[in-house]
Amino acid sequence: MDRYIRKLIVVGENGNGKSSTCNTLLEKEIFVGANRARTARCETCFIHMGSVNVWLVDSPGMFEPNSVLAERALEIQNAVTECKEPHAFLIVFKADAQTDERIMQTVDMLRLIFGQQVMKHAIIVITNAARFRSDADFQKFYQNGKLKEIVKMCKGRIVKLENIRCSPERKKDMVDDIFAVVDKVSRMGKHCFRNSDLDCHKQMLEQHLVQVDASKPINEQIELMKKRLREQLPLQQGESGYYDVVDGH
Ligand SMILES: Nc1nc2c(ncn2[C@@H]2O[C@H](COP(=O)(O)OP(=O)(O)O)[C@@H](O)[C@H]2O)c(=O)[nH]1
Ligand SMILES: [Mg+2]
């Protein structure tokens with residue numbers, strides 16, 4: 001029988017713990033940490049873990065200061081070229097460090113980069129989980145504000161992870177929880193992300209890159225990209241799919 005593969009793409013803002021999360025999931029220090037040179041490219045790793053293979057892409061931070069959003073967005077989109085038809089997108093947020101505005105910007109950017117289908121495969125990962133005293137404490141944390149809305153969009157797929165301050169046993173439990181959610185969303189590897197309009201998203205980002213000034217505020221850049229995407233997506237998608245989801249929050 002073929003080995004079962006889990007294909008994962010890790011996304012989020014710089015400093016939220018993306019690379020640490022990748023290392024924790026793979027049980028190896030493979031991805032570069034914050035205190036070493038940070039690459040602005042996707043980094044891919046494929047490893048055998050017991051009876052499963054894991055294919056993981058660590059993507060660059062989404063909001064690089066003083067740059068046009070589309071620059072990083074195009075690089076992040078490469079994740080699905082490096083790892084085609086992934087099973088899940090792990091959206092990494094850091095406990096206590098996230099504003100409602102940044103949470104929405106992150107989700108908006110993901111939909112602009114990959115299309116609304118991304119949310120069907122999204123799992124929210126909250127790092128720095130040592131600050132939660134109990135599961136109830138964690139639940140209280142995400143039943144608030146925009147995070148609550150995003151969790152609803154992800155059909156309740158939210159997990160916590162402590163990459164540093166916890167015992168190996170506790171860490172393993174959290175990793176098992178994450179993989180269980182991955183297997184559920186992928187229906188044991190049978191259901192993966194696809195978007196036949198990805199080229200349209202890419203074209204929109206390329207146009208944005210050459211036409212928009214980096215000094216434009218993030219929210220304005222996002223609104224411009226949404227508008228352009230609506231105009232460019234095939235009629236059906238532009239009118240119903242993307243339009244509804246983006247404006248519906
Ligand atoms: N205490 C704690 N620190 C973390 C955790 N995850 C990451 N960090 C630290 O946060 C910083 C940024 O992490 P990194 O994985 O490089 O973030 P990235 O920029 O999203 O890839 C590093 O100093 C990590 O050691 C966590 O779960 N708990
Ligand atoms: Mg990193």
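The values are calculated or read from the model by the stated rules, or taken from the named source; none is laboratory data. In this text the structure is predicted, and so the values were computed from the model without any measurement. Note that we place each Cβ from the backbone using ideal geometry, even for glycine, and neighbour counts take in every protein chain shown. Note: areas computed on protein heavy atoms with side chains; ligands, DNA, RNA excluded. Shrake-Rupley method; radii C 1.70, N 1.55, O 1.52, S 1.80 Å.
With respect to the stated conditions, Ile124 is of a type in the set (Val, Ile, Thr), assigned by TED's automatic domain parsing to the domain that holds Gly15 and within 16 Å of the chain's Cα centre (by Cα).
So, of the residues in region 31-48 that are more than 11 Å from ligand 1 (Cβ to nearest atom) and at pLDDT 90 or above, which turns out to be farthest from Phe179 (Cα to Cα)? In this case the residue turns out to be Arg41. Phe193 fulfils the conditions (1) in contact with a Phe, Trp or Tyr (Cβ under 8 Å, 6 or more places away or on another chain); (2) assigned to a helix (DSSP H, G or I) except for a single criterion, (2). Just need a number here: residues in region 174-201 that are open to solvent by less than 80 Å² (accessible area, probe 1.4 Å) and out of contact with any strand residue (DSSP E or B) (no Cβ under 8 Å at 6 or more places or on another chain). Looking only at that region, the number is 9. So, Met204, is that one touching a Leu at 6+ places or on another chain (Cβ under 7 Å), open to solvent by less than 70 Å² (accessible area, probe 1.4 Å) and not assigned by TED's automatic domain parsing to the domain that holds His87 or not? Against the criterion (touching a Leu at 6+ places or on another chain (Cβ under 7 Å), open to solvent by less than 70 Å² (accessible area, probe 1.4 Å) and not assigned by TED's automatic domain parsing to the domain that holds His87), Met204 qualifies.
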